[in-house]
1. Can you pull the mean other chain C-beta count within 10 Å for peptide B:96-105?
2. List the residues, sorted by chain then number, that are 5 or more residues from B:Tyr33 or on another chain and whose placed amide H is less than 5 Å from its amide H.
3. In nm, to one decimal, how far is the modelled label at B:Glu190 from the one at B:Glu277, with both set 7 Å along Cα→Cβ?
4. Could you work out the mean count of beta carbons from other protein chains within 10 Å of each residue's beta carbon in A:174-187?
5. Rounded, prolate or oblate: which one fits chain A, using the alpha carbon gyration tensor with axes a ≥ b ≥ c (rounded when a/c is under 1.5, else prolate when a/b beats b/c, else oblate)?
6. Over all directions, average the projected area of the Cα convex hull of region A:76-152 and note it in nm².
7. Could you work out how far helix B:3-13 tilts from the main Cα principal axis of chain B, as a 0 to 90 degree angle to the nearest 10?
8. Using only Cα atoms, locate the centre of region B:215-268 and the centre of region A:410-453, then give the distance between them in Å, rounded to an integer.
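The values are calculated or read from the model by the stated rules, or taken from the named source; none is laboratory data. Only a predicted model underlies this, so the values are computations on that prediction, with no experimental measurement involved. As a convention, Cβ positions derive from the backbone with ideal geometry for all residues, glycine included, and neighbour counts pool all protein chains shown. Only protein heavy atoms, including side chains, enter the accessible area calculation; ligands, DNA and RNA are left aside. Shrake-Rupley method; radii C 1.70, N 1.55, O 1.52, S 1.80 Å.
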Amino acid sequence: MNNPSTENFAISRAALRASRFGAMLSRYPRALGWVRRLMLPLAIQDENSFNKHFRFFILLAGCAMSDPKDLKALGILSRDLNAYMENVMDEASDKPMVWSEWNLSNEILRAFDVRQYVPETFAIVSQMAGSDAAVEMIERAEEEGMAPEHCSAAKTAVGALLANEAPKPDVIISSSHPCDSVASSYQTLQYMTKVPMFVLDTPYWDDDKSFKHYENNLWDLIAFLEKHLDQKLDWDKLREICANVNQTNHYLQELSEMSRAVPSPTSVEPLLLSWLGRMAAFGSPNGMEFAELVHANARERLRKKRSFIEKEKIRMIWYDVPLVFAPLFPWLEKKFGAVVVSDFMGRIQTVPIDTSSPETMVRDLAKTHLYCTMVRHTRGPAEFYLEEFKKIIDEYSGDCFIFMGHQGCKGGWALRKMFRDVCREAGLPSLFVSSDIFDKRHVTEEEVKRQFEDFFRSNGLA
Amino acid sequence: MSDTLDIIKKLAEKDVNEYITQAADEGRKILGYMCSFVPEEIIHAAGMVPYRLRAVGSKETRLGDTYYSAINCSLVRHIFDKALNSEFAFLNGVVFMNGCDHARRMYDNWRNAFQTQGLGPEFLHMFVAPHTTSETSFQRFLDELRDFSDVLEKHFNAALTTEALQNSIAIYNQRRELLRGLNEMRKLPEPPIFGAEMLAVQSAMTSIPVENAVDLLEQLTIELQNRRIDGEGKLRIVLAGGAMEEIEHIQMIESCGAIAVADNLCTGGRRADVSVEEYGDPIAAVAKRYLYEVSCPRMIDEFDKRSASLEKIMKDYRTDALITEKLMFCDLWGGENFLLKQESKRLGFPMLSLEREMYGGGEGQMRTRVQAFFEMVRNRQS
Ligand code: SF4
Ligand code: SF4
């Protein structure tokens, strides 16, 4: 196995350029609105060798996020995303580098003086760069012998390490959630890098004992980080971060709720963006400002009874991860007036953190971590998905359910009958798509689009 | 020839056996379970018979597939298919485990089938084991064992006393000691038993009451004293992997010119011979054995230990090569295979990875791969 000793970050640098360009444009949201109008035809075309370079732009500016005010919010978020990438590539830095799994919430880590890298987000970064590097990295990892059934996010993480697109870690933090794939791939990453790794043991249930167990894990994590980083956790900094997290969650949770209105004043995009932003901006002032702005914009639309997309016709409830190798949402919005009113990834459902003492913070952080995207649903019994799903059906006036079944998520696929039953009982048409978030070898954009067209037509939705 | 081995092989081939039927007739409750982390001693101490669920005898997954998808593990689909076919109707309860994403979903699916189709039994319990071996995890596991004992006591109106648990530990240790004895014999240049036969022994022992298992193993130990397999020209191999119950698959491998003298399979010999301490707090002793000794890829912080243990097995049993066995879509063993491959390069032992669907055929192709692999190993040796 190639044991990487140098870093070249070719793809990350391209992504950083794209992101900086986007941030620069977002300073002129009105002008950007015009550019977007000119580029609109690209948004509904299948991706080709030309427009794939604008993938990120089309995904964001091509969709309903293109309201100038929302684009401004995007600019705020990209400050942190850019800083994150700059930090990752800062080889001269003497700050320790901590790798942290993408489903972990990193408030505690941020209260140390470290650089951080989220291995799975390499795939997202490469999509931002308009490249097909995610597939290349997946192939690279598979050629090296990594199991094809692993989540493509995990494979890109290993591929990125093999391709010298990852910084050298000093320590790794992982967990036993949300799936076997992550649990397994971090053993691989640790083996390849040979650095100390801390694994949080995720409880199955949602009872006091389970929360307490995770809280104890967080105390162990703090001890591990203090020992291996030779630093003390800065509790004041953590308090500040938690206060920002509380505010951010408050805005995003309300945003999740606002799409109950018909027409919906918001959609999945700002929530997915904040999910992407977690790696860089969670608990930061910019992350909070982003949330505040998208919240205020949606509230304004709600007040004026304006929809997020031009003509809302189909309200979709979305299970699991989106496809990110092609801008599917703009196409759904433009072609069918289809908007995601609730989804399992972006939707925020959590509790506030009591910042009065270290003990209360760690206690509540344990809860907020366990209520995070993916973690909240995947780690426990079927009810963790289905009860929330039934509530969404009751409250969000959905016209259909889209089970975007990612190949990695075996635990979700094992519940498909139950999802189907819930839909049948509720009289909700459902589409089950066998897909892969990053790996377009598994299913092509055309095939996914064909399935949507057939589904909408056969159910009288289009 | 060994009469007892024949009896045991027949036991391994079927689900319901006379020992289980007899125990049920005597009023003992039978509790199915899914994974090696479920402590048999506690079930036994509550007066019940732990019974490991297997896919044996299953021909298809048609019903199982109404719940599971094609990218779920075939072992789980077969077992659940059998459940939906009422082939586990003799069970009084089932204990599930958060072993992997596929197996733990059976807890959900079985409950759904119970609610919607009346599929019994009523007692369906999720036993949760940590994925790490920290002190925090140990304390949590200890608590889980206590809760599990309470649940069994309450639901089955059983009295799970300390003394009962000590007795159960003792008898399970007896079974382990006998298995240890058999394993010792497998270290001989001419072992008394093929790997396929040993897998049958290990499988059968988890599907009959432990008292019968001890009797059979004692008898088998005597009968194997004078049995020897001619090891001349045969490679000595070790098997590692997840669930494996297809005896004929191991027979196929051995027929290519090898004896499987050791294994680290979920349903085979993985630490099956490691005893529980018989002093101190018995619950803590059970916790220690199960949390620290049954390591498999679901334990995230222990690969180094697993690798060292495999290295020791290879040395102790003087094996020539490793064959890993993985079911399709098993992420955990997919990851472990990758790491073992790296270890095989580092430590210089030959390794072959086989992948299959449980009872899914494809033997011809696999035979060719095994033959080519053995050829390579022999060439390397000469
Ligand atoms: S997307 Fe699915 S398979 Fe991938 S990390 Fe999340 S839960 Fe696991
Ligand atoms: S073989 Fe793998 S996927 Fe199947 S039950 Fe065992 S651990 Fe789970």
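1. Numbers: counts 1, 1, 6, 1, 6, 13, 5, 1, 7, 9.
Counting Cβ atoms of other protein chains within 10 Å of each residue's Cβ and averaging gives 5.
2. For B:Tyr33, whose amide H was placed from the backbone, the distant partners under 5 Å are B:Tyr51, B:Arg52, B:Leu53, B:Val95.
3. Distance between the two pseudo-spin positions: 4.2 nm.
4. 6
5. The shape class here is rounded.
6. Mean projected area of the Cα convex hull: 6.5 nm².
7. In chain B, helix B:3-13 runs at an angle near 70 degrees to the longest axis.
8. After rounding, the separation between the Cα centres reads 44 Å.
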